[in-house]
Amino acid sequence: DEADARLGRGGRLDVHLKVDTGMARLGVAPGDVPGLLGDFASRRWPRLRLRGAYTHFSCADERPDPATRGQLRAFTSLPWPRGLPLHAANSAAALRYPSARLDLVRSGILLYGALDPGLHPLARLQRPVLGFRAGVLRVAPVRRGAGVGYGRAYVAPRDTLVATVCAGYADGVPRRLGNRGRVLIRGRLRPILGRVCMDLFMADVGAPPHAAPGDPVELLRDTEGPLSPRGWAEAAGTNAYEILCGLGPRLPRRWGDA
């Protein structure tokens, strides 16, 4: 809409040209680049200005990586005009392939502290810019043999206390964390019990220090372990990208040190 509005006012639009060097998702073929550069130089599209060019790597975070070096060669060997900004490196490539940094890098997963620390020594220094907190709504006793949540997916093997937490799969807590995930309440990791609900989930707080309504609950805060996007992903059978993208829009965002 913004682009349409700008063009509708008679303005010009800055664009970056994407080249498909092996991802097979978006972009023009490398063989088409010389002709397109000629079109831009001849002002075939007078209201478009070429301000950069880029490609995307398919295997930069894979071990072994069979593709990145070849993709980079295919991209950098094209007849780019002198001074045109070029970019190719995502988070993994920016660490593993210094020659791929070019003029710009596109750090994404690294900013969230969720890049595999084993990919590069520098990845172990990453710190997350994201945390996910909720609160305890209720604490109630549950007797041995009682079920917790839908389908009695958890049956208490002993008397305990169960906290109901104000977050659920509508907020991005994966259902598959039921009976698998853990959260931090009063400094102690607590197991999630039963199925994660749409708006709530339950956690075992029977071991001291016990919990009370209003207590803060930390769901995500680390780069590794059960309170990290990668830890959630391992428990839920997915990847950290899906976990982070699943954090729902109804979650209030607080910037800074909140």
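The values are calculated or read from the model by the stated rules, or taken from the named source; none is laboratory data. Quantities reported herein were computed from a predicted structural model and do not represent experimental measurements. Every residue, glycine as well, gets a Cβ built from its backbone with ideal geometry; the counts of neighbours run over all protein chains shown. Keep in mind that these areas ignore ligands, DNA and RNA; they rest on the heavy atoms of the full protein, side chains included. Shrake-Rupley method; radii C 1.70, N 1.55, O 1.52, S 1.80 Å.
Some observations on this one:
- The ASP103 and ASP4 beta-carbon pair, evaluated with R₀ = 25 Å, returns a calculated FRET efficiency of approximately 0.30.
- Rounded percent of accessible protein surface that carbon and sulfur make up, the chain, 1.4 Å probe: 52 percent
- For SER107, the accessible area of its heavy atoms, probed at 1.4 Å with every protein chain present, is near 50 square angstrom.
- Note, ³J(HN,Hα) from phi for the stretch 55-62, Karplus 6.51, -1.76, 1.60, rounded to Hz, x at Gly and Pro: 9, 10, 7, 8, 9, 4, 9, 9
- Among beta bridges from DSSP that stay inside the chain, the antiparallel ones total about 70%.
- Pairwise FRET efficiency - ARG175 versus GLU62, Cβ, R0 = 22 Å, nearest 0.05: 0.20
- Modelled FRET efficiency - R0 41 Å, HIS16 with CYS166, Cβ distances, 0.05 increments: 0.45
- Accessible solvent surface per residue of the stretch 168-258, calculated while the other protein chains remain in place, 1.4 angstrom probe, Å²: 52 Å²
- Counted residue by residue at 0.36 nm each, then reduced by the alpha carbon distance between them, the extension gain from LEU251 to ASP32 reaches 74.4 nm.
- Using 0.36 nm per residue and subtracting the Cα-Cα separation, the extra length available between ALA153 and TYR241 on full extension is 28.9 nm.
- Here the chain is assigned +1 on the Cβ of each Lys and Arg and -1 on the Cβ of each Asp and Glu. Its dipole about the Cα centre then comes out at about 220 debye.
- Taking the inverse of the mean reciprocal distance over all distinct Cα pairs, the Kirkwood hydrodynamic radius of the chain comes to 21.6 Å.
- Annotation: average projected area of the stretch 50-174 is 12.6 square nanometres, based on the convex hull of Cα atoms across all directions.
- Exposure rule at most 15 other beta-carbon atoms within 10 Å, DSSP loop GluC sites (Glu not before Pro): the chain longest free segment: 63-223
- Nonlocal amide H pairs with LEU104, under 5 Å, H built at 1.01 Å: LEU86, ALA88
- Note on the chain: with a GNM built from Cα contacts shorter than 10 Å, the maximum mean-square fluctuation among LEU13, LEU161, LEU119 falls on LEU13.
- Under Karplus coefficients 6.51, -1.76 and 1.60, residue-wise ³J(HN,Hα) of the stretch 146-157 in Hz, glycine/proline x: 7, x, 10, x, 4, x, 6, 5, 10, 10, 5, x
- In the stretch 225-256, the trypsin sites (Lys or Arg not before Pro) that fall in loop regions by DSSP, at most 12 other Cβ within 10 Å: ARG250, ARG253, ARG254
- Once C-alpha pairs closer than 8 Å and six or more residues apart are averaged by separation and normalised to the residue number of the chain, the relative contact order reads 13 percent.
- Of ILE243, LEU119, ALA156, farthest towards positive along the dipole that unit charges on Lys, Arg, Asp, Glu beta carbons give the chain: ALA156
- Relative intensity, log₁₀ I(q)/I(0), of the stretch 3-81 from a Debye sum that treats every alpha carbon as a point, q = 0.11, 0.18, 0.20, 0.22 Å⁻¹: -0.36, -0.79, -0.89, -1.00
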